[in-house]
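Take a look at the structure set out below.
Only the coordinates and a few stated rules stand behind these numbers; no lab work does. Quick caveat: nothing in here was measured; it's all calculated off a predicted structure. Neighbour counts are summed over all protein chains in view; Cβ atoms, including those assigned to glycine, are modelled from backbone coordinates with ideal geometry.
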Amino acid sequence: MVFELLKESYVILEQTLTLAISYFTNPGKRINLMYLASSMIIAYWVFRTTSVKSSFLKYLFPRKIWLSKSALIDYSMFGFNSLIKIIFIGPFVIFGFYLAFYANEFFLVSFGFPKYTLGMGQTLLLYTIALTVVNDLSSYIIHLGMHRIPILWEFHKIHHSATTLNPLTQYRIHPIELMINNIRSILVFGLITGLFDYLSAHQIDKMVFLGVNVFHFVFLLLGANLRHSHVKLKYPRFMEYLFISPFQHQIHHSDNPDHFNKNLGSKLAIWDWILGSLILSNAVGKIKFGIGTSNSNYDSFVNNLLNPFRNLVKPLLKSLKVTNYNDQ
Ligand SMILES: [Zn+2]
Ligand SMILES: [Zn+2]
């Protein structure tokens, strides 16, 4: 019995380690070595435009950022979330494919065979655009909810409690947020894939398995890793109305209340622009990252993991105490 349990734990740990390492080799992941390298090249270009006197390596890898307490929490959270993915999320990814199948069936039953079927090229282009736009819009809506709904903010705060940014800060999210994000992406993938499977008379399954998403690839290649970094890459003013630049995401992490709930977009800035939550890079000077005064409560891995639950239970306990006191 004990032996079986040990064996099972060993298998899970081995899978977790393999998953964590695969983030650096999987071309679909942001921290793939290829994208880290392209981000370094772009960072060098930014470095050349600054007045920093030190060497490029010192500029890019300061100990006070990469070995800060905040960064160590990022690294632990990345490892822990890999474990959560293996146990709680991996087994459910298949639901995206089920959902695609049922969505396709639903369209067939509701509308019959489409009168016009999309060709291979049209499908590839429109499917990629639809997946990118719907993914981006749904991420924006979830992110807005995370900032506006107090219960969700307690969980999202973990991402914002980072006081230094490095590419792994992307994965400094509470496991509850990780699950919400994964449910969102499984739903979007399933529904959009089912729709295009219907519109293209089943050509889509061949493409889905190819995993082609040229827009995501370009986004990752063009310095996506600099979003969570100290490298202030800004886009030309007009472009920042359309695409969120790395510095615009850094503004999203600013501890200045003027910047709270701003620049919530992932790739596209248009949602922020439409809803009035967009800040352009040139409107902002020096920034500090974090959530301000309550940051000290988030200075350990365990606190980041447990604080959302503590903060949600606290008012409940308080109200119970008041009720008890009134009863006496
Ligand atoms: Zn946020
Ligand atoms: Zn972030």
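Of the cross-linked pairs Lys64/Lys267; Lys58/Lys288; Lys69/Lys314, which ones have a Cα-Cα span greater than 22 Å in the structure shown? As for pairs spanning more than 22 Å Cα to Cα, those are Lys64/Lys267; Lys69/Lys314. If the segment from Tyr98 to Phe113 were pulled out straight at 0.36 nm per residue, it would be longer than the present Cα-Cα gap by 3.4 nm.
Summary of the geometry: the stretch 278-295 and the stretch 213-255, compared by the centres of their Cα atoms, lie 15 Å apart. Putting +1 on Lys and Arg Cβ atoms and -1 on Asp and Glu Cβ atoms, find which of Gly90, Gly112, Phe56 reaches farthest to the positive end of the dipole of the stretch 1-113. Ranked along the dipole, the leading option is Phe56.
What dipole magnitude, in Debye to the nearest 20, does the stretch 177-328 give about its Cα centre under +1 on Lys/Arg Cβ and -1 on Asp/Glu Cβ?
Dipole magnitude for the stretch 177-328 comes out near 360 debye.
Subtracting the Cα-Cα distance of Asn261 and Leu242 from 0.36 nm times their residue separation leaves 5.0 nm of extension gain. Taking other Cβ atoms within 10 Å as a rough exposure proxy, Val134, Val188, Val313 sort from fewest to most as Val313, Val134, Val188. Ranked by how many other Cβ atoms sit within 10 Å of their own Cβ, fewest first, the residues Lys321, Lys267 fall in the order Lys321, Lys267.
Loop-located chymotrypsin sites (Phe, Trp or Tyr not before Pro) across the stretch 14-91 with a Cβ neighbour count of 13 or fewer within 10 Å are Phe24, with loop assigned by DSSP. Among the trypsin sites (Lys or Arg not before Pro) in the stretch 95-177, those located in a DSSP loop and surrounded by at most 10 other Cβ atoms within 10 Å of their own Cβ are Lys115. Could you list the residues of the stretch 137-170 with an amide nitrogen less than 19 Å from a label point located 7 Å from the Cα of Leu316 in the Cα-to-C-beta direction? Correct set: 149-157.
Taking 0.36 nm per residue of separation and subtracting the current Cα-Cα distance, fully stretching the chain between Phe215 and Glu14 would add 69.1 nm. Sorting Leu33, Leu199 by the number of Cβ atoms found within 10 Å of their own Cβ, with the fewest placed first, yields Leu33, Leu199.
Helix-only arithmetic for the chain: the sum of -39500 (n - 2.57) across DSSP H runs with n ≥ 4, divided by the residue total, places the mean residue ellipticity at 222 nm at -20000 deg cm²/dmol.
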